[in-house]
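The values are calculated or read from the model by the stated rules, or taken from the named source; none is laboratory data. Quantities reported herein were computed from a predicted structural model and do not represent experimental measurements. A quick note on method: Cβ atoms are made from the backbone with ideal geometry, for glycine too, and the neighbour counts reach across all protein chains shown.
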Amino acid sequence: MKLTFEVGSKQVLSQNVDAECAAIIQRRLESRGVSFLFGRDVQAINKEGDKTCVVTGSGEELVADLVVVGKGLRPNTGLVARNGVKVNRGILVDESMRMNVENIFAAGEVLGLFIGGAAL
C-alpha cells in the first residue's frame, strides 16, 4: 500500500511543531515509505466508480482508495492571555505542564481553565 500526504503548508504538522521537529517526523515517515506533496490544498474530492479522486488547487488529480482529511487549527488564546497566562502559538508551559499562573496546568487541547471552581 502506498501512503501519500497532501500538505497545504511547507512542512508536516506546521501548526504543531517547529521546522526541525517537522523534518525529523517527515524523515521517519519517509523511511517507512510514506511520501509527501507539499504546498497543495485540496479543492475537491470526487467519487469516480470505485475510486476516489482528490483534486488539488492547481487542478492536479490524485486517485485514492482512502482519503483522510485533517486541517490545522489556530488556538484562540485571547481569553487566557487577557488573564495573565503566557501564550505564544498556544499556552506556554514548563516540563510538568505548569503554566505561569500558580497551581494551574494545561493539557491536551485546553478547552477550559478553572481556578478555585471559577472558569476563567
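Just a few scattered comments:
- Of all residues in the stretch 1-21, those satisfying the criterion of being within 27 Å of residue 65 (Cβ to Cβ) and outside any loop (DSSP other than H, G, I, E, B) are 4, 5, 6, 7.
- Taken as a whole, the condition of being of a type in the set (S, T, N, Q) and either out of contact with any strand residue (DSSP E or B) (no Cβ under 9 Å at 6 or more places or on another chain) or surrounded by 14 or more Cβ atoms within 10 Å (Cβ to Cβ) (or both) applies to residue 14.
- Residues that are aliphatic (A, V, I, L, M), in a loop (DSSP other than H, G, I, E, B) and either at pLDDT 85 or above or at negative phi (or both) within the stretch 90-120 comprise 92, 93, 99, 101, 104, 106, 107, 110, 111, 113, 120, listed in sequence order.
- The stretch 19-78 - residue that is more than 17 Å from residue 7 (Cβ to Cβ) and surrounded by 13 or more Cβ atoms within 10 Å (Cβ to Cβ) and, of those, modelled with the lowest pLDDT: 75
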